[in-house]
Amino acid sequence: MKLYYSPGSCAMAPHIAATESGVKLDLVKVDLRAHKTENGDDFYAINPRGYVPLLELDDGTRLTEANVLVQYIADENPDGGLMPKDRLGRTKMQSALAFVATELHKGFGPLWDPSAPAETKAAAKTKLGKRFDEINGTLANQQYIAGNEFSAVDAYAFPVINWANFHQIDLKQWPNIAAYMQRVSARPKVQEALKAEGLM
């Protein structure tokens, strides 16, 4: 399988899922400003949406959306423990992944937009703060977002929450999240993904 990524983007989610579950990926770096791969290929020809992550399977099938890709990769090694095997547990995990996708990932959208007015960005930070309040409360009683074991939702939440560092959002306001981010970043397989993307 081949993962098209840009360093520090949400493509780190399937990358971490792969390192944590022992799934081999070939990495293809994409310059999202030029929309070119490291080989000079037009990325729009590969993904008309123009964004990462994109996972290309060995048969040429192409899949997108970080919350879906972490599940697909987790299912490559069901014994890796990133996704529950029982129906209820899996549904709860999918709910948590959807929360990260719609409330956190998309919540950062206005902050990345250079044309967004200051009031829009302030409102986005306020809304993200409420989501961080909820996560901080959850992490008061457990090590990871879905429980005491690292899971697919952590593979996704970690790179997204890390974007706070680029937008003057001080995670020290949420000490349990700050501790969680240190805990996740210290995991050897997470460090492996960070190093592969040139971020360590």
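Quick note: the coordinates plus some simple rules give every number you see, no bench work behind them. Keep in mind the model is a prediction, meaning the values are calculated, not measured. Positions of Cβ are generated from backbone atoms using ideal geometry, with glycine treated the same way; all protein chains shown enter the neighbour counts.
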- Message: Using Cβ contacts closer than 10 Å as the measure, can you line up Ser6, Ser151, Ser95 from fewest to most?
- Response: Ser95, Ser6, Ser151
- Item | Two-site FRET efficiency, Lys92 against Tyr44, from Cβ-Cβ distance with R₀ of 45 Å, rounded to 0.05 | 0.80
- Exposure proxy ranking, count of Cβ atoms within 10 Å, fewest first, for Leu55, Leu199: Leu199, Leu55
- Using a Gaussian network model of the chain whose springs link C-alpha atoms within less than 10 Å, name the residue from Asn47, Asn148, Asn176 with the highest mean-square fluctuation. Asn148
- With -39,500 (n - 2.57) per DSSP H segment of 4 or more residues and division by the full residue count of the chain, the 222 nm estimate, nearest 500 deg cm²/dmol, is -14000 deg cm²/dmol
- Item | Fewest-first ranking of Tyr5, Tyr72, using other Cβ atoms within 10 Å as the exposure measure | Tyr72, Tyr5
